[in-house]
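**Q** Take this structure first; my questions come after.
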Amino acid sequence: NAGVTQTPKFQVLKTGQSMTLQCAQDMNHNSMYWYRQDPGMGLRLIYYSASEGTTDKGEVPNGYNVSRLNKREFSLRLESAAPSQTSVYFCASSEFSEGEYNEQFFGPGTRLTVL
Amino acid sequence: AQKITQTQPGMFVQEKEAVTLDCTYDTSDQSYGLFWYKQPSSGEMIFLIYQGSYDEQNATEGRYSLNFQKARKSANLVISASQLGDSAMYFCAMREVTSGTYKYIFGTGTRLKVLA
């Protein structure tokens, strides 16, 4: 049971380059999330997906796109990277059911630097 | 709008002492959940404790307890008998229901340093 996995762990891009961050979970969760973490800012929600085929914008969606490929996988794409997107990116998943903890399970993070 | 506030950017505590990390929240929902996560220097996010808005008892998990004061909208984390391994960043989070799923809103975190 791997939980939530993310690839890559580290990435350096030049301004204007594109890349896709991959995320997969094996807990059969319906909901998946992408966050970015910047010093002093906590975790800010970029996009989330309630179920396969649905996605919604979070607090900071500009400059990103997402794809919920299937129930397991949720990818985050930077079409034209900018230095302001230098951050640590976390993928997370959770279940959605009444009366349960439904805590989020997080991947190990991707440290992205845009030069 | 829902909001989580952690007013302590950094805290120090002596080993074996207890420490309280503050968290206040703002919501108009009647049903919500409150979480604390720990992030050590290695970077992973570790779930610590959960409190539901309808729970009458304060949550406890080992050395962690959540001091839930609903009327004051506070959900402070208490760590008893601090250990050096407790040195980490701590995040308070609130869960809200939206668009058929949950959204989680995080505070800015408190960095705790346990002193030997």
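The values are calculated or read from the model by the stated rules, or taken from the named source; none is laboratory data. Predicted, not measured: the structure shown is a model, and the values here were computed from it. Counting neighbours? That spans all protein chains shown, and the Cβs are built from the backbone with ideal geometry, glycine included.
**Q** When only residues in segment B:70-109 that are within 13 Å of B:Ile4 (Cα to Cα) and small (Gly, Ala, Ser) count, which is surrounded by the most Cβ atoms within 10 Å (Cβ to Cβ)?
**A** B:Ala75
**Q** Do we have any residue at all in segment B:65-82 that's within 14 Å of chain A (Cβ to nearest Cβ) and free of Cβ contacts under 8 Å to residues at least 40 places away in the same chain?
**A** Yes: one or more hits.
**Q** Same structure, new question: Applying the selection to segment A:31-71, what residues are closer than 19 Å to A:Glu95 by Cα and among the β-branched types (Val, Ile, Thr)?
**A** A:Ile46, A:Thr54, A:Thr55
**Q** Pairs please, first residue from segment A:18-40 and small (Gly, Ala, Ser), second anywhere and modelled with pLDDT under 95 and part of a strand (DSSP E or B), Cβ atoms under 6 Å, 6+ apart in sequence or on different chains.
**A** If the second residue must be modelled with pLDDT under 95 and part of a strand (DSSP E or B), the pairs left are A:Ser31/A:Ser94; A:Ser31/B:Thr101.
**Q** Next question. Restricting to segment A:33-57, name every residue that is facing chain B (nearest Cβ under 10 Å) and under 19 Å from A:Gly3 (Cβ atoms).
**A** Answer for segment A:33-57, where residues must be facing chain B (nearest Cβ under 10 Å) and under 19 Å from A:Gly3 (Cβ atoms): A:Tyr33, A:Tyr35, A:Gln37, A:Leu43, A:Tyr48, A:Ser49.
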